[in-house]
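Student: Quick one: the structure is below, and I'll ask about it shortly.
Laboratory data are not the source of any read-out in this text; all were calculated from the coordinates shown. The model shown is predicted, which means the values in this text are computed figures rather than measured ones. For neighbour counting, all protein chains shown are included, and Cβ atoms are generated from backbone atoms with ideal geometry for every residue, glycine included.
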Amino acid sequence: MSGVVLFGLALLFLTSCGRNTNTGDLVGVQNRPQWKNDINPYGMVYIPSGRFTMGPSDQDISYSYTARPRAISIQGFYMDDTEISNNEYRQFVNWVKDSIAHVIMGDVYTDDYGNEKIDWEFELDYSDEALDELFYQGNDQVNGKRELDVRKLNYQWERYNLKEAAMDRGKSPRSDFIEKFQINVYPDTLAWIRDFAYSFNEPMSRNYFSHVAYDNYPVVGVNWHQAQAFCDWRTSIWNKNKEEQLGSDGFRLPTEAEWEYAARGGHELVPYPWGAYSLRNAKGCLLANFKPGRGNYPEDGGQWTVEVDKYDPNDFGLYNMAGNVSEWTSSAYHENSYAFLHDLNPDFKYDAEDTDPDAFKRKVIRGGSWKDVGYFLRTGVRDWQYQDTTTSYIGFRCALTFQGRSLNDQY
């Protein structure tokens with residue numbers, strides 16, 4: 001009798017592993033979610049798969065000795081058409097602030113799986129004395145003003161380190177590769193003063209992130225970790241509110257290779273994103289926001305930063321891929337990384353710890369900024385900054401890996 005039962009269980013197992021039990025045909029697992037290839041997040045453009053020559057042009061002779069140009073193939077991906085603006089980043093900051101306030105007020109409930117969730121329907125009143133701990137108190141107040149204590153705005157997130165897990169080959173428990181972070185998300189507004197000695201930038205420090213006049217200007221004063229946290233938050237918000245789930249492959253910083261490929265706009269061996277060899281058009285007008293000549297900052301239309309959609313986009317539809325603010329990438333910086341990178345979706349990553357030498361904490365930034373001379377606006381020029389550093393001239397934009405194959409790609 002037991003043999004019959006075992007035979008029946010074995011038969012049930014065989015007929016349920018991806019087979020149609022009615023016909024006996026191998027048809028794959030049924031009732032899988034229908035995937036749509038037309039996900040195009042608001043504010044993003046699709047960058048089609050392609051090949052380009054990564055690195056400095058033949059005009060930059062000395063630099064080409066340390067960063068030899070090489071042919072690279074890139075998988076299609078989405079990219080923000082502009083740098084992340086103050087107002088977009090403020091949505092992140094306000095979400096963190098509201099989340100903390102809801103927890104303080106006890107506006108939480110337990111879902112069917114035992115997880116605590118915030119009751120977002122509950123309307124917050126920030127004048128409530130119960131929320132005093134979110135504001136500066138006592139000697140930290142200026143003229144008795146009720147001002148938010150930005151040191152409290154911390155965002156917690158987790159990620160699974162796929163690269164480390166792959167190297168381990170399944171020898172260690174999964175928990176060894178789950179990394180947890182707590183990041184303060186408020187921009188470093190004092191960077192405007194600290195970056196430039198003997199320069200009057202206090203108005204920018206006080207107003208740049210908070211005043212409505214700068215809503216459409218690129219957020220600055222965010223370090224590499226804060227940019228990563230923003231991408232994680234943006235993914236979670238999408239997954240909670242959209243039918244099409246992005247899963248763990250959500251929004252992220254672009255790799256250095258993706259950034260350069262996108263900046264070139266489909267043009268090969270030309271130094272600037274607009275596909276030309278000059279920083280001016282035929283009428284003599286400057287085409288980006290940088291430091292022209294010997295320091296005529298306002299000549300290009302901006303004393304500091306300008307709006308994220310200022311100037312014409314490149315042929316991929318991306319704005320300010322040269323100038324305005326330099327942009328974080330996900331890649332670690334190594335002077336000679338082009339010599340050992342793969343030619344398919346190349347990337348060099350190193351997750352530096354706080355105890356690591358400073359040289360290990362360097363991340364690639366690209367594009368040049370409002371305070372840089374024209375050389376740094378070239379698509380092939382690399383630069384770096386420490387991952388925990390905040391400045392008034394570095395911002396970022398997000399990328400999103402395309403799932404599947406697009407009909408727009410050429411094969």
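Student: Filter the GluC sites (Glu not before Pro) in the range 302-405 to those in DSSP coil with at most 13 other Cβ atoms within 10 Å of their Cβ, and list the result. Walk me through the numbers before you get to the answer.
Tutor: Values: sites: 307, 327, 335, 353; in loops: 307, 335, 353.
Here the sparse-neighbourhood loop sites are 335, 353.
Student: Could I ask something else about it? How many nm is it between the label spots at residue 303 and residue 206, if each spot is 7 Å from the Cα in line with the beta carbon?
Tutor: 1.4 nm
Student: What translational diffusion coefficient, to the nearest whole µm²/s, does the range 44-401 have by Stokes-Einstein, given a Kirkwood radius computed over alpha-carbon pairs, a temperature of 37 °C and 0.692 mPa s viscosity?
Tutor: On the way: Rh = 22.0 Å.
Answer, rounded: 149 µm²/s.
Student: Could you tell me which chymotrypsin sites (Phe, Trp or Tyr not before Pro) in the range 313-347 are loop residues by DSSP with no more than 15 other beta carbons within 10 angstrom of their beta carbon?
Tutor: On the way: sites: 316, 319, 328, 333, 338, 340; in loops: 316, 319, 333, 340.
For chymotrypsin sites (Phe, Trp or Tyr not before Pro) across the range 313-347 that sit outside H, G, I, E and B with at most 15 neighbouring Cβ atoms in 10 Å, the list reads 340.
Student: Per-residue counts of other Cβ atoms within 10 Å, averaged by peptide: what ranking do you get for 105-111, 140-146, 357-363, highest first?
Tutor: Details: 105-111: 11.9, 140-146: 8.6, 357-363: 15.9.
In descending order of packing, they fall as 357-363, 105-111, 140-146.
Student: Work out the FRET efficiency for residue 277 and residue 383 from their Cβ-Cβ distance, taking R0 = 25 Å, and round it to the nearest 0.05. Write down the numbers at each step before the final one.
Tutor: Numbers: r = 21 Å, r/R0 = 0.83.
The calculated FRET efficiency here is 0.75.
Student: Still on this structure, please answer the following. Highest mean first, what order results for 290-299, 373-382, 204-213, 257-266 on Cβ atoms within 10 Å?
Tutor: Working: 290-299: 13.4, 373-382: 20.8, 204-213: 15.9, 257-266: 23.7.
In decreasing order of mean packing, 290-299, 373-382, 204-213, 257-266 become 257-266, 373-382, 204-213, 290-299.
Student: If you don't mind, another one. What full-extension length gain, to one decimal in nm, is calculated for residue 91 and residue 176 as 0.36 nm per residue of separation minus the Cα-Cα distance?
Tutor: Working: separation 85, 0.36 × 85 = 30.60 nm, distance 3.27 nm.
Value of the extension gain: 27.3 nm.
Student: Give the peptides 392-398, 72-78 in descending order of average Cβ contacts within 10 Å, highest first. List each step's numbers first, then the result.
Tutor: Values: 392-398: 26.7, 72-78: 18.9.
Per-residue mean Cβ counts within 10 Å order the peptides as 392-398, 72-78.
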